[in-house]
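Working notes for the structure below.
Values quoted throughout were computed directly from the atomic coordinates according to the rules given, and no laboratory measurement underlies them. Predicted model only: the values in this text are computed from it and were never measured. A quick note on method: Cβ atoms are made from the backbone with ideal geometry, for glycine too, and the neighbour counts reach across all protein chains shown.
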Amino acid sequence: MNRAISILPGNPISDPQFSYFTEQELKSARSFHQSLPQYRETPLVSLPHLAQKLGVGGVYVKDESHRFGLNAFKGLGASYAIARLLAERLGLDKPDYKALMEANVERNGKDIVFVTATDGNHGKSVAWAASIFGCRARVFMPKGSKESRVQAIRSINNTPVEVTQMNYDDTVRLAADWAKQNGQFLVQDTGTAEYYQIPRDITLGYTTMAAEALKQMRGQYKAEKPTHVFLQAGVGSMAGGVLAFLVQQFRPSPPCVTIMEPDTVACIYESAQAGTGKPVAVGGISETIMAGLNCGEPNPLIWPVLRDYASFFASCPDWVTEQGMRMLAHPQNGDPAVISGESGAVGVGLLQQLCHSPQLYDTKRRMGLDESSQILLFSTEGDTDPQGYRQIVGE
Ligand SMILES: Cc1ncc(COP(=O)(O)O)c(C=O)c1O
């Protein structure tokens, strides 16, 4: 028997003054990305037949498998954080690719090593971002990491990768200790009261993806605003950053945002359920095919945004994302196909269940999902584990 999906309503507050990022910060991240020679907007795919089948107004999927040739969205965060750090060291007033190159970043950066812990995508992004500026990276991965993901990181600039015997959160602590002991730079997507600038820059980098999606919805599909957005979370930096951006863009009436996690490691769901206002950790070594979401401790820096502004929290078994992967790989009636990996497709799987499962009918009603809904989803990775992908969706 399939395990059930659990959905918890949030209690989003309405704050007409809400501002997590300054306009200046948002602009800085966006113009840095646009300055990169590898920068292209990733496609926003419309799935009209799926929308019709589900009885909603529109379904739009941002396909991040095309981001910087990395097969996932994470390069947006790592590249911005690394560029900001290098710009500061070189005395530049803003991170800009051309300005960094003109300031001889490659010569000045050749002894710099960026260290991180990762489930895969973030580490690959750090290795890539380090390499474009002539720096190096060192990456730590948790127990159980897939060999294909390890190799994908090693193949960038011969980056050393160590697979630990620990879970993700302990691997993060190990990477932080390593960086401190070896005088190297930690580039982590989760933070503490003492380590906040880099995780904030990473979170900020992710807003470019949301800004592109809104522009594409309006420009390509004449859809003024998403009414519902589904965001998957590991430590919650992506979901929190995008949520903060959406609330700022659409205050006082932001879209209904649902945060989704694997049910075996649903630390944000658990934190919301605990109701103490504080983030809760889920310990141990957890199993899920959603490797990018296999994180047991919410990023405490972004957690308050998730707590205060998310409308729903969903805890999803693996079969939900498997269903989403298949639906996106084999679309119906001429909708375009999207190659969406395990951590990318959970939103489509959940949407399908919300629209068709009698057990979720009340939740669907509470969410206000109906024929006028314009739904935005982020397929945050492609087939980052190609063998696993083929086993799930077929050849
Ligand atoms: C493909 C993918 N989607 C979503 C996420 C979640 O991002 P975060 O850890 O910021 O919540 C990750 C994290 O690694 C990821 O790799």
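For region 253-339, with only Lys/Arg (+1) and Asp/Glu (-1) charged at the beta-carbon, what is the dipole magnitude about the Cα centre, in debye rounded to 20?
Taking the Cα centre of region 253-339 as origin, the dipole is about 200 debye.
Under 25 Å between alpha carbons, and skipping anything fewer than 8 positions from LYS278 in its own chain: which lysines qualify?
none
For the chain, what is the largest minus smallest coordinate of the Cα atoms on each principal axis, given in angstrom and ordered from greatest to least?
59, 46, 42
Quick one: if you take sqrt(5λ) for each eigenvalue of the C-alpha gyration tensor of region 93-186, what semi-axes come out, biggest first, whole angstrom?
After scaling each eigenvalue by five and taking roots: 25, 14, 10 Å.
Which percent, nearest 5, of DSSP beta bridges in region 1-155 are antiparallel?
40
Only bridges whose two residues both fall in the chain count here: according to DSSP, what percent of them are antiparallel, nearest 5?
Percent antiparallel among DSSP bridges in the chain is about 20.
Quick one: Cα centre-to-centre distance for region 176-231 and region 254-322, in angstrom?
16
Only loop residues by DSSP count here, and only those with at most 11 other Cβ atoms within 10 Å; note down the GluC sites (Glu not before Pro) in region 152-215 that meet that.
Listed in order of number, the matching sites are GLU194.
What's the local net charge at LEU231, with K and R +1, D and E -1, over the other residues with C-beta under 13 Å away?
-1
If you place +1 on the Cβ of every Lys and Arg and -1 on the Cβ of every Asp and Glu, how big does the dipole about the Cα centre of the chain come out, in debye to the nearest 20?
Rounded to the nearest 20 debye, it is 560 debye.
Using only the Cα atoms of region 169-279, what do you get for the radius of gyration and for Dmax, in Å?
Cα only, region 169-279: 16.6, 53 Å (Rg, Dmax).
Grab the DSSP H runs of the chain that are 4 residues or longer, score each as -39,500 (n - 2.57), total them, divide by all residues and round the 222 nm result to the nearest 500 deg cm²/dmol.
Taken over the chain, the calculation gives -13000 deg cm²/dmol.
Please report the equivalent ellipsoid semi-axes of region 226-311, computed as sqrt(5 x eigenvalue) of the Cα gyration tensor, largest first, in whole Å.
22, 14, 10
Could you please report the charge total around ILE289, scoring K, R as +1 and D, E as -1 over all other residues with beta-carbon less than 11 angstrom from its beta-carbon?
Net of charged neighbours comes to -4.
Calculate log10 I(q)/I(0) of region 275-395 for q = 0.19 Å⁻¹, where I(q) comes from the Debye formula with a single equal point scatterer on each Cα and nothing for solvent.
-1.20
Nearest 10 degrees is fine. How inclined is helix 121-132 to the longest principal axis of the chain, computing both from alpha carbons?
40
Would you work out which of GLY69, LEU100, SER35 lies farthest towards the positive end of the dipole of region 33-106? Charges go on Cβ: Lys and Arg +1, Asp and Glu -1.
GLY69
What does the charge count around ALA29 come to, taking other residues whose C-beta lies under 10 Å from its C-beta (Lys +1, Arg +1, Asp -1, Glu -1)?
Within the 10 Å Cβ shell, the charges total +1.
Past 31 Å, Cα to Cα: identify those pairs from LYS146/LYS215; LYS62/LYS124; LYS98/LYS143; LYS110/LYS215; LYS27/LYS222; LYS74/LYS215, in the order given.
LYS146/LYS215; LYS98/LYS143; LYS110/LYS215, as the Cα separations exceed 31 Å there.
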